[in-house]
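The structure under discussion appears below in the form of structure tokens.
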Amino acid sequence: MATIFPSHANMMYPPTRKDFISLTLTDPTCNIYNNGKHRKQSYWRKWKQLSRLQRSLILFFLAVALVLALLSYSRMSTSRTGSSKKEDWLETNDDRLKSEFLHGKVQPVVGPNSMTDKGPNLPIFQSPPINKKFPNKRGPPSLKKPANASHTLLEKQDVQLPGEKENGEKEKKLVSWRGAMIEADQVTEPPPSANEKVAAVAPAPAAFVPTTGLPVGVDRLEAVRDAFRHAWKGYKMYAWGHDELKPISKSFSEWFGLGLTLIDSLDTMWMMDLKEEFAEAKQWIEKELSFNQNVDVNLFETTIRILGGLLSTYHQTGDQLFLNKAKDLGSRLMPAFKTPSKIPFSDVNIGKGTAHPPRWTSDSSMAEVTSIQLEFRELSRLTQDPQYKEAVDEVMKQVHKLPGKHDGLIPMFINTNSGQFTHRGIYTLGARADSYYEYLLKQWLQGGKSEDELLEDYIEAINGVKKHLVRQTGPHKWTFVGELSHNRFSPKMDHLVCFLPGTLALGAHNGLPGDHMDLAAQLMETCYHMYAQMETGLSPEIVHFNLHAADGHDIFVKPADRHNLLRPETVESLFYMYRFTKDPKYREWGWEILQSFNRYTKVSEGGYTSINNVRDPTNLEPRDKMESFFLGETLKYLYLLFSDDMELLSLDKYVFNTEAHPLPIWPSPPK
Ligand code: DMJ
């Protein structure tokens with residue numbers, strides 16, 4: 001043994017505690033030398049011979065070893081989810097990104113356009129927080145069967161079928177939203193047996209079925225209505241009159257306490273001809289909704305979702321109730337504009353009539369103060385009260401003149417005291433700036449193309465986007481919109497930016513340069529890839545693009561950015577692109593996205609949930625929240641995408657606010 005462990009030759013006899021430590025750490029047999037002979041001691045006795053310090057040291061080393069072992073195990077299992085080697089795509093120019101990848105913080109996506117790359121088709125929500133039982137069902141009914149075939153058990157149990165009342169009784173006819181009678185679908189299915197339970201959380205454990213493999217004759221409009229009914233069912237059961245459904249825990253969350261989802265959904269229900277649901281919601285508004293509440297609301301969110309929803313519903317239905325509610329809310333939001341600069345505060349207490357900025361700053365975000373104009377301007381037109389329009393036009397006038405833009409691109413914040421831009425140097429079309437650009441064009445359209453400053457600012461901004469933010473990926477030359485941070489380009493794009501293809505197309509349709517349409521088509525492809533490249537077919541919140549590699553991956557996703565909130569921007573743009581080009585590929589892409597929502601975010605007993613991980617169908621990490629814009633926007637745009645009725649909310653008569661609530665385009669003023 002001494003030859004194997006030469007250091008033992010220097011030991012004293014009897015061995016000191018120091019010797020014991022050294023031996024313990026080097027000799028796996030843990031023998032101690034005794035006058036040339038080995039004397040076996042029990043581990044326990046040896047342990048007791050140690051000083052407290054020595055024992056602590058040993059325990060410390062063991063703990064460190066255990067932590068290291070656990071860490072390396074978890075890295076090994078994480079790396080199994082991606083098939084790529086780091087070297088395959090490390091040609092990125094973004095040093096921060098590269099370093100984050102090397103430290104395990106970023107994942108590249110799997111190969112392009114390959115259905116086989118989409119990962120294993122295993123059941124999802126593997127560890128749901130509540131009791132689960134997966135019925136052996138796959139995908140939405142429309143995936144499996146033509147329109148007249150029977151629905152799956154899961155669907156039957158959870159979803160009111162087309163043409164069927166709550167009690168299961170078949171309705172023979174449905175009344176379209178214009179009042180015409182149309183035939184209800186003939187959908188029949190045996191009821192579930194009494195002892196069959198629906199999975200509490202059972203997104204369908206389906207194989208990915210590419211669109212080309214779908215049965216002919218699937219009624220896509222009906223599939224969207226099914227999705228809406230399913231979402232509404234959860235909201236009605238567990239969150240009625242509250243802001244948002246938490247579909248997994250079967251509860252709700254409050255943001256403003258104003259029935260946010262219910263109001264955001266009104267015009268979608270009207271458009272989809274969901275009359276019973278609409279009537280119930282209207283009754284709640286009539287009987288329960290009061291804005292006379294001591295509650296702080298966010299000016300922007302309340303304007304686009306609630307004021308916009310009420311105004312749009314008033315226009316669709318002609319029902320005065322909605323206009324009265326809109327007036328009441330609009331006047332309660334006005335204190336937000338009482339600031340030294342007239343740039344509004346972010347928050348208003350609609351009961352007390354007081355307003356304030358967020359606690360940590362006196363800044364407001366640029367998107368927020370410049371994306372309330374469509375709604376306030378329309379409120380003035382309807383009420384013949386100019387105060388609303390004057391307040392929001394003042395903001396646009398100031399921003400038009402404000403120094404500090406970068407070729408039409410704006411910083412993300414503005415100070416409510418000074419009226420000046422703050423946090424300069426960062427330019428993005430994502431969060432905090434996005435709808436500024438959208439509303440420049442849409443205000444110009446709303447006002448009958450008469451307000452030249454809005455158009456000038458829009459054209460200049462799009463030129464700035466092209467000059468500073470548009471780039472192509474190295475591998476497949478996908479066009480994307482990145483960000484500029486203190487003159488440094490970052491190939492980062494929020495999913496939010498996917499509103500841009502639709503806005504560019506809308507501008508081109510209204511006579512703006514043809515190259516806006518070219519850019520729209522290219523960006524649309526990229527936004528589609530942001531879905532198609534993911535293992536779930538759902539886009540993450542943020543992606544990074546690979547600028548330099550000639551081959552390898554185009555898209556990377558950081559673990560912190562892998563969530564999907566059921567956002568609408570891509571399907572919104574698909575709707576515009578289809579309306580203006582009639583290219584069927586846009587409908588196919590939208591259909592794929594709807595199927596992915598159904599497959600990975602649908603909660604069996606009602607509702608859809610946002611998820612934390614679009615990269616792993618076996619570990620989606622549901623966030624237990626259904627955002628109101630899923631009903632207000634995402635499903636509305638999908639419905640409009642699949643509708644053949646080009647007069648349904650015609651883009652020559654309506655302009656959609658940033659929450660998908662259509663408001664009328666005003667007649668052009670006399671010249
Ligand atoms: C919506 O509230 C609006 O579309 C807004 O412009 C951006 N964020 C959400 C949807 O993603």
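The values are calculated or read from the model by the stated rules, or taken from the named source; none is laboratory data. Since we're looking at a predicted model, the values are computed, not measured. Counting neighbours? That spans all protein chains shown, and the Cβs are built from the backbone with ideal geometry, glycine included.
Key figures for this structure:
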read-out	value
Residue, nearest to the ligand (Cβ to nearest atom), within region 537-558, restricted to residues that are in contact with a strand residue (DSSP E or B) (Cβ under 9 Å, 6 or more places away or on another chain), assigned to a loop (DSSP other than H, G, I, E, B) and not hydrophobic (A, V, I, L, M, F, W, C)	E541
Of all residues making up region 650-665, the number that are over 13 Å from M271 (Cβ atoms) and either surrounded by fewer than 16 Cβ atoms within 10 Å (Cβ to Cβ) or within 16 Å of the ligand (Cβ to nearest atom) (or both)	8
Residues of region 595-627 classified as part of a helix (DSSP H, G or I) and more than 14 Å from the chain's Cα centre (by Cα), total	3
Test: residue in region 403-423 that is within 16 Å of the ligand (Cβ to nearest atom), surrounded by 15 or more Cβ atoms within 10 Å (Cβ to Cβ) and of a type in the set (K, R)	no
Looking only at region 559-584, and only at residues there that are among the charged types (D, E, K, R) and on the phi < 0 side of the Ramachandran plot, the one that is nearest to the ligand (Cβ to nearest atom)	R567
Which numbered condition W478 fails, given (1) without any contact (Cβ under 8 Å) to a residue 12 or more places away in the chain; (2) closer than 18 Å to A532 by Cβ	(1)
In region 412-433, the residues that are touching a helix residue (DSSP H, G or I) at 6+ places or on another chain (Cβ under 7 Å) and part of a loop (DSSP other than H, G, I, E, B)	M412, G419, L429, G430, A431, R432, A433
Filter pass, R599 being of a type in the set (D, E, K, R) and within 29 Å of I372 (Cβ to Cβ)	no
Matching residues in region 597-614 - criterion: being crowded, with 23+ Cβ neighbours inside 10 Å and more than 16 Å from the ligand (Cβ to nearest atom)	N598, R599, Y600, K602, V603, S604, G606, G607, N613
Qualifying residue in region 530-544 (condition: buried (at least 21 other Cβ atoms within 10 Å of the Cβ), among the aromatic types (F, W, Y) and closer than 19 Å to L641 by Cβ)	yes
Some residue of region 376-388 being buried (at least 18 other Cβ atoms within 10 Å of the Cβ) and not in a helix (DSSP H, G or I)	no
Failed item, numbered, when Q533 is tested on (1) at positive phi; (2) in contact (Cβ under 8 Å) with a residue 40 or more places away in the chain	(1)
Residue under evaluation R359, criteria (1) outside any helix (DSSP H, G or I); (2) away from the ligand (no atom under 16 Å from the Cβ); (3) in contact with a Ser or Thr (Cβ under 7 Å, 6 or more places away or on another chain), criterion not met	(3)
Residue check, K636 at pLDDT 95 or above, in a helix (DSSP H, G or I) and surrounded by fewer than 21 Cβ atoms within 10 Å (Cβ to Cβ)	no
Qualifying position, being within 16 Å of the ligand (Cβ to nearest atom), touching a residue at least 60 places away in the same chain (Cβ under 8 Å), surrounded by 21 or more Cβ atoms within 10 Å (Cβ to Cβ) and not in a helix (DSSP H, G or I), among S364, S371	S371
Selection status of L631, assigned to a loop (DSSP other than H, G, I, E, B), within 15 Å of the ligand (Cβ to nearest atom), under 15 Å from G234 (Cβ atoms) and under 15 Å from the mean Cα position of the chain (by Cα)	no
Index of the failed condition, D551 passing every other in (1) over 17 Å from the mean Cα position of the chain (by Cα); (2) surrounded by 22 or more Cβ atoms within 10 Å (Cβ to Cβ)	(2)
Odd one out for L574, checked against (1) touching a strand residue (DSSP E or B) at 6+ places or on another chain (Cβ under 9 Å); (2) surrounded by 24 or more Cβ atoms within 10 Å (Cβ to Cβ)	(1)
Qualifying residue in region 585-594 (condition: on the phi < 0 side of the Ramachandran plot and without any contact (Cβ under 8 Å) to a residue 12 or more places away in the chain)	yes
Residue within region 377-384 that is more than 16 Å from the ligand (Cβ to nearest atom) and of a type in the set (D, E) present	yes
Tally, over region 442-488, of residues that are away from the ligand (no atom under 16 Å from the Cβ) and either part of a loop (DSSP other than H, G, I, E, B) or within 24 Å of the chain's Cα centre (by Cα) (or both)	24
Verdict on F642 being among the hydrophobic types (A, V, I, L, M, F, W, C), under 17 Å from H230 (Cα atoms) and either more than 16 Å from the ligand (Cβ to nearest atom) or in contact with an Asp or Glu (Cβ under 8 Å, 6 or more places away or on another chain) (or both)	no
